[in-house]
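Take a look at the structure set out below.
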């Protein structure tokens, strides 16, 4: 099983201490695509395309995968998953890590932030002007596999709560953030059983 650790948008790297080792220890191969170049409009569509190209470069077509989305990549997870299905790469599960949840329709990041209790989070350094106001891609048949949520940052407690209300597996490690890598590996293993 391949665990694709999707980084946040706008060239920010994926960071979760111990995740790669913990995934390897349970027999899952972690893959960290480098996604850069989504800093010009359309940001979301560029991210989905660039992430998909990187996954195609790093992962065999028929390899079953788990997609893990960190931060602002959360609302794009359905679109990245749809691109994997189009490439005949089976997605076995999805995990969001301190991320807003995907929402039906074509919302903006600002709308998602407002409806998921994240409106008070400050803009990221270097965030482009239209970043929060562009319409995000939608995937009508998502989720097509089991989903989970890993909460390490209390600022994302509301999206984690919403994930739990959807029946997703939710793990809260805000009290013990040093266990986040191991908890991610355990959550992935549970979702792909």
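The values are calculated or read from the model by the stated rules, or taken from the named source; none is laboratory data. Note that the coordinates shown come from a computational prediction; the quantities given were computed from them, not determined experimentally. Backbone-built Cβ (ideal geometry, glycine too); neighbour counts: all protein chains shown.
Values as computed for the structure displayed
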read-out: Segments classed as strands (runs of 3 or more DSSP E), wholly inside the range 19-112, with at least 2 members that are more than 25 Å from residue 177 (Cα to Cα); value: 91-97
read-out: Some residue of the range 153-173 being under 17 Å from residue 23 (Cβ atoms), under 16 Å from the mean Cα position of the chain (by Cα) and surrounded by 15 or more Cβ atoms within 10 Å (Cβ to Cβ); value: yes
read-out: Any pair with Cβ under 8 angstrom, 6 or more apart, that starts in the range 168-180 at a residue that is on the phi > 0 side of the Ramachandran plot and touching a residue at least 24 places away in the same chain (Cβ under 8 Å) and ends at one that is crowded, with 17+ Cβ neighbours inside 10 Å and assigned to a helix (DSSP H, G or I); value: none
read-out: Leading residue by the ranking (farthest from residue 45 (Cα to Cα)) among those in the range 113-127 that are free of Cβ contacts under 8 Å to residues at least 40 places away in the same chain and part of a loop (DSSP other than H, G, I, E, B); value: 120
read-out: Test: residue in the range 128-150 that is over 22 Å from residue 44 (Cβ atoms), surrounded by fewer than 20 Cβ atoms within 10 Å (Cβ to Cβ) and at pLDDT 95 or above; value: yes
read-out: Residue within the range 48-70 that is at pLDDT 95 or above, touching a helix residue (DSSP H, G or I) at 6+ places or on another chain (Cβ under 9 Å), surrounded by fewer than 20 Cβ atoms within 10 Å (Cβ to Cβ) and on the phi > 0 side of the Ramachandran plot present; value: no
